[in-house]
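> Pasting a structure below so you can have a look.
Every number in this text was worked out from the coordinates using simple rules, so none of it is lab data. Owing to the predicted nature of the structure, the values given are computational and were not obtained by experimental measurement. Neighbour counts run over all protein chains shown; Cβ positions are idealised from the backbone, glycine included.
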Amino acid sequence: MVKVFEYYGRAQGMGGRLMSFPFWGRALIVLAALPGLILLGLSILAFSVSLLALLLLTVPVYRLVRALSPGPAVASQDPPAVDASERYDVVEGEVVSSGPAVRRPIEVKIVE
């Protein structure tokens, strides 16, 4: 975090030094930076165009697939059937199944 303030201070100092130059000196610096600024703008424009092309190509296909596929499956509101052969335990207020397909709780002690 200290580096951020250091860089910010350097940028402020550079801005102050640039403003102390005469007009013709600042104009030369801007003229030298102009090709880089133009390239930066063109790269941002190219990124925007490629993103737009991506959206223009994928949105119609997404809508077509969505129209052709059935809607999301609705889960039934009935409670699950309880298997009489499966054993249930209460661990710290939670009902935990002891069946083979269910994860078993692990007791952990935190020592500080």
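> Can you sort VAL65, VAL111 so the residue with the fewest Cβ neighbours within 10 Å comes first?
VAL111, VAL65
> Binning at 5 Å from 0, report for region 2-68 what percent of all alpha-carbon pair distances ends up in each bin.
Histogramming region 2-68 at 5 Å steps yields 3, 13, 10, 11, 13, 12, 9, 7, 6, 6, 5, 3, 1, 0 percent.
> What's the FRET efficiency of GLU107 with VAL4 using the Cβ-Cβ distance as r and R₀ = 30 Å, to the nearest 0.05?
After rounding, the FRET efficiency stands at 0.10.
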